[in-house]
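J.: My questions will all concern the structure given below.
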Amino acid sequence: MSRRTYEPKPLFLERMKELLGEDFESYMKILKEQPVRSLRCNTIKISPEKLRKRLEEKNWKIKTPFKDFPEIMIVENELLPGELGRALEHLLGYYYIQEIASMLPVLVLNPKKGERVLDLCASPGSKTTQSAARMENSGLLIANEVKIGRIKILASNTERCGVMNMIMTRRDGIALCRHFKEENILFDKILLDAPCSGEGTIRSTPRTLEMWNLKTIENISKLQKSLISSAISILKPKGELIYSTCTHAPEENEEVIDFALKNFDVKTEKINLPIKTREGITKWKDNKYSKDVKLSCRIYPQDANTEGFFIAKLRKGK
């Protein structure tokens, strides 16, 4: 069955042309291509080697694109519709269906055994389950989500993946941070995978084009600034915060990081990722951002054959 096509709005095209310049045409071209089928081995339950063997016995052609991250896998051959989600290995929680760009924020966060970690906007649980695996199911992982429907999805995914070091909370993110601050509960690491306009997900969710509008971007930017300021307040001294979105809009990305740098005792740090990235921009429309925003990463579909993402790493001062 062919997918319904959605036409991008003129203002969206104008903004992307301004962001991408001569790369705009290659960006538009890849949006028409089907996304890569990727999955992440859940190392809580199985090793990448054993999972790969099981999947190859099904005649799946498995590629591990990153030597340092064998848990990241691509299925290269065609599968039956829904086969990836119906496979026994998926139902057993041996793997999580996850887009590669979505895996990158947790690689940057690098949560470890024994740490206290907060996933502030956690559902559906992609990054929560990934964090738990990297923590070897130890330490404390708090996964927060405000909407009850999304809490159910988060609970289902974390249970399927065997996550045992997690406390699930259902609170508005800003109110939750305020509560932790009042109780002097501070975190080694915080992941703020913020609500966003989703411009980077057009390949997998073309309907994003229909829902896109500038007013939404401006309103979400205000929420993101409130969330990041709340999260910084409960970071331990020298603690790390990873801010990520699946959008390209500078108002939701560099502008939020610039706001944090100018208002709090935090600094950006360099990010190393196994795919091609571009540095953050320091000028957009009439706005100029701190030069340190350059240390952020922009991930574009045409560069890495992934969804679009933005990632920044902040470290709190003493």
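J.: Could you look through region 20-43, keep only residues that are of a type in the set (Ser, Thr, Tyr) and open to solvent by less than 20 Å² (accessible area, probe 1.4 Å), and pick out the one that is farthest from Gly82 (Cα to Cα)?
T.: The initial filter retains those residues of region 20-43 that are of a type in the set (Ser, Thr, Tyr), namely 26-27, 38, 43.
If we keep only those that are open to solvent by less than 20 Å² (accessible area, probe 1.4 Å) too, we end up with 27, 38.
Working: Tyr27: 27, Ser38: 13 Å.
Among them, the one singled out is Tyr27.
J.: Which residue pairs have Cβ atoms closer than 7 Å, lie 6 or more positions apart in sequence or on different chains, and pair a first residue in region 178-202 that is of a type in the set (Asp, Glu) with a second residue that is open to solvent by less than 40 Å² (accessible area, probe 1.4 Å) and assigned to a strand (DSSP E or B)?
T.: Here the result reads Asp188/Val117; Asp188/Gly239; Asp193/Ser244, each pair linking region 178-202 to a residue that is open to solvent by less than 40 Å² (accessible area, probe 1.4 Å) and assigned to a strand (DSSP E or B).
J.: Can you tell me which residues in region 66-89 are of a type outside the set (Asp, Glu) and touching a residue at least 40 places away in the same chain (Cβ under 8 Å)?
T.: Looking only at region 66-89, we keep the residues that are of a type outside the set (Asp, Glu), and these are 66-67, 69-70, 72-75, 77, 79-82, 84-88.
Hits for region 66-89 are Phe66, Phe69, Leu79, Leu84.
J.: Could you please find all residues in region 66-84 being within 22 Å of Asn137 (Cα to Cα) and surrounded by fewer than 17 Cβ atoms within 10 Å (Cβ to Cβ)?
T.: Initially, region 66-84 is screened for residues within 22 Å of Asn137 (Cα to Cα), giving 68-73.
Asp68, Pro70 - these are the residues of region 66-84 that are within 22 Å of Asn137 (Cα to Cα) and surrounded by fewer than 17 Cβ atoms within 10 Å (Cβ to Cβ).
J.: Only one residue in Lys50, Lys61, Lys9 is among the charged types (D, E, K, R) and in contact with an Asp or Glu (Cβ under 8 Å, 6 or more places away or on another chain). Which one? Can you show your working first?
T.: Working: Lys50 fails: in contact with an Asp or Glu (Cβ under 8 Å, 6 or more places away or on another chain); Lys9 fails: in contact with an Asp or Glu (Cβ under 8 Å, 6 or more places away or on another chain).
Of the residues listed, the single one that is among the charged types (D, E, K, R) and in contact with an Asp or Glu (Cβ under 8 Å, 6 or more places away or on another chain) is Lys61.
J.: Identify, from the list Ile275, Ile271, Ile257, the residue that is more than 22 Å from Glu7 (Cα to Cα), in contact with a strand residue (DSSP E or B) (Cβ under 8 Å, 6 or more places away or on another chain) and crowded, with 23+ Cβ neighbours inside 10 Å.
T.: Numbers: Ile275 fails: crowded, with 23+ Cβ neighbours inside 10 Å; Ile271 fails: crowded, with 23+ Cβ neighbours inside 10 Å.
Ile257 is the lone residue from the list that is more than 22 Å from Glu7 (Cα to Cα), in contact with a strand residue (DSSP E or B) (Cβ under 8 Å, 6 or more places away or on another chain) and crowded, with 23+ Cβ neighbours inside 10 Å.
J.: Something else: With the condition kept exactly as written, say whether any residue in region 276-288 is in contact (Cβ under 8 Å) with a residue 24 or more places away in the chain and either part of a helix (DSSP H, G or I) or within 28 Å of Phe180 (Cβ to Cβ) (or both).
T.: No, because not a single residue in region 276-288 is in contact (Cβ under 8 Å) with a residue 24 or more places away in the chain and either part of a helix (DSSP H, G or I) or within 28 Å of Phe180 (Cβ to Cβ) (or both).
J.: Another question, then. Only residues in region 4-19 that are in a helix (DSSP H, G or I) count as the first member; pair them with residues that are loosely packed, with under 11 Cβ neighbours inside 10 Å, Cβ under 9 angstrom, at least 6 apart or cross-chain, and list the lot.
T.: Short answer, once both residue conditions are applied: Glu18/Lys285.
J.: Shifting gears a bit: Please enumerate the residues belonging to region 4-17 that are open to solvent by 100 Å² or more (accessible area, probe 1.4 Å) and modelled with pLDDT of 95 or more.
T.: We begin by selecting, within region 4-17, every residue open to solvent by 100 Å² or more (accessible area, probe 1.4 Å); these are 4-5, 7, 10, 14, 17.
Listed by number, the residues that qualify are Pro10, Glu14, Lys17.
J.: Can you give me the number of residues within region 44-65 that are open to solvent by 30 Å² or more (accessible area, probe 1.4 Å) and either in contact with a Pro (Cβ under 9 Å, 6 or more places away or on another chain) or free of Cβ contacts under 8 Å to residues at least 60 places away in the same chain (or both)?
T.: Of the residues in region 44-65, the ones open to solvent by 30 Å² or more (accessible area, probe 1.4 Å) are 44-45, 47, 49-50, 52-54, 56-59, 61, 63-65.
Adding the requirement that they be either in contact with a Pro (Cβ under 9 Å, 6 or more places away or on another chain) or free of Cβ contacts under 8 Å to residues at least 60 places away in the same chain (or both) leaves 47, 49-50, 52-54, 56-59, 61, 63-65.
Number of matching residues: 14.
Matching residues to (1) buried (at least 16 other Cβ atoms within 10 Å of the Cβ); (2) touching a Leu at 6+ places or on another chain (Cβ under 7 Å); (3) closer than 26 Å to Phe12 by Cα; (4) of a type in the set (A, V, I, L, M, F, W, C):
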position	(1), (2), (3), (4)
Ser204	no, no, yes, no
Arg207	no, no, yes, no
Pro237	no, no, no, no
Val266	yes, yes, no, yes
Thr282	yes, no, yes, no
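J.: Taking region 236-254, which residues are in a helix (DSSP H, G or I) and either among the aromatic types (Phe, Trp, Tyr) or touching a Phe, Trp or Tyr at 6+ places or on another chain (Cβ under 7 Å) (or both)? Full working, then the answer.
T.: At the first step, the residues of region 236-254 found to be in a helix (DSSP H, G or I) are 250-252, 254.
Matches in region 236-254: Pro250, Glu254.
J.: Name the strands (runs of 3 or more DSSP E) wholly within region 85-201 that hold at least 3 residues that are open to solvent by less than 30 Å² (accessible area, probe 1.4 Å)?
T.: Working: elements: 95-97, 116-119, 140-144, 166-169, 187-193.
So the answer is 116-119, 140-144, 187-193.
The values are calculated or read from the model by the stated rules, or taken from the named source; none is laboratory data. Because the structure is predicted, anything quoted here is derived from the model rather than measured. All Cβ positions, even for glycine, are placed from backbone atoms using ideal geometry, and neighbour counts span all protein chains on display. Just so you know, the surface numbers come from the protein's heavy atoms only, side chains and all, with ligands and any DNA or RNA stripped out. Shrake-Rupley method; radii C 1.70, N 1.55, O 1.52, S 1.80 Å.
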